[in-house]
Amino acid sequence: TCATGDQQTTALVHLKEPAATIEEMLKDVTSYEGEDAVFECRLSRETSQDAQWFLGDVPLQSNEMNEIRVQGTRHSLILRKVTLEDCGSISFKIGQHTSTA
């Protein structure tokens, strides 16, 4: 706001968060049945953008079988005690960017 005498003008500042990109892609994982499988990727920056993990086309959430972690720019997925039904593509998506293993 700028005020002089009986006149005043006001303006607003709007900021947009730059889109994060995937700097370190997912790597393929080979595991034995009953073991945990860990997938990790690293983003270009910390972000509040929504990231999503998928097994095939099925979105994953943290629960007793899947653990999703975010530590700074590092995003990880731990599939607990994998079975043959867990075989397939794992994807990480943020904005318009995707990494698959």
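Would you list 15, 43 from the most to the least accessible area, probe 1.4 Å? Present the calculation step by step, with values, prior to reporting the outcome.
On the way: 15 160, 43 0 Å².
The ranking, largest first, comes out as 15, 43.
Under a straight-distance cross-link criterion of Cα-Cα below 20 Å, which aspartates and glutamates are reachable from residue 93, leaving out those fewer than 8 residues away in the same chain? Filter leaves 17, 23, 24, 28, 40, 46, 50, 57, 67. Taking 36, 6, 28, 86 and ordering them by how much accessible surface each has at a 1.4 Å probe, largest first, produces 6, 28, 36, 86. Stretching residue 1 away from residue 101 to a fully extended chain increases their span by 30.8 nm, per 0.36 nm per residue minus the current alpha-carbon distance.
Taken about its Cα centre, the range 34-101 carries a charge dipole of about 300 debye when Lys and Arg each add +1 at the Cβ and Asp and Glu each add -1 at the Cβ. Using a 1.4 angstrom probe and counting only protein chains, how large is the accessible area of residue 39 in Å², to 10? Solvent-accessible area, nearest 10 Å²: 20 Å². In whole Å, how far is the Cα centre of the range 73-101 from that of the range 1-57? Using only Cα atoms to place each centre, the spacing works out to 17 Å. Stokes-Einstein at 25 °C, 0.890 mPa s, Kirkwood radius from Cα pairs: D for the range 32-96 in µm² s⁻¹? Translational D for this selection: 198 µm²/s.
Backbone N atoms of the range 34-71 closer than 17 Å to the 7 Å Cα→Cβ label point of residue 16 belong to residues 48-50.
Going by accessible area, probe 1.4 Å, with all protein chains left in place, what is the ranking of 2, 41, largest first? List each step's numbers first, then the result.
On the way: 2 75, 41 0 Å².
Largest accessible area first, the residues go 2, 41.
In the complete set of protein chains, residue-level accessible area for residue 50 is approximately 140 Å², probe 1.4 angstrom. Counting only protein heavy atoms and using a 1.4 Å probe, the accessible area of residue 93 comes to about 80 Å².
Counting only Cβ charges, +1 for Lys and Arg and -1 for Asp and Glu, the dipole size of the range 1-72 around its Cα centre is about 460 debye.
The values are calculated or read from the model by the stated rules, or taken from the named source; none is laboratory data. Values in this document were obtained by computation on a predicted structure and should not be read as measured data. As a convention, Cβ positions derive from the backbone with ideal geometry for all residues, glycine included, and neighbour counts pool all protein chains shown. Quick note on the areas: whole protein, heavy atoms, side chains included, nothing else; ligands and nucleic acids left out. Shrake-Rupley method; radii C 1.70, N 1.55, O 1.52, S 1.80 Å.
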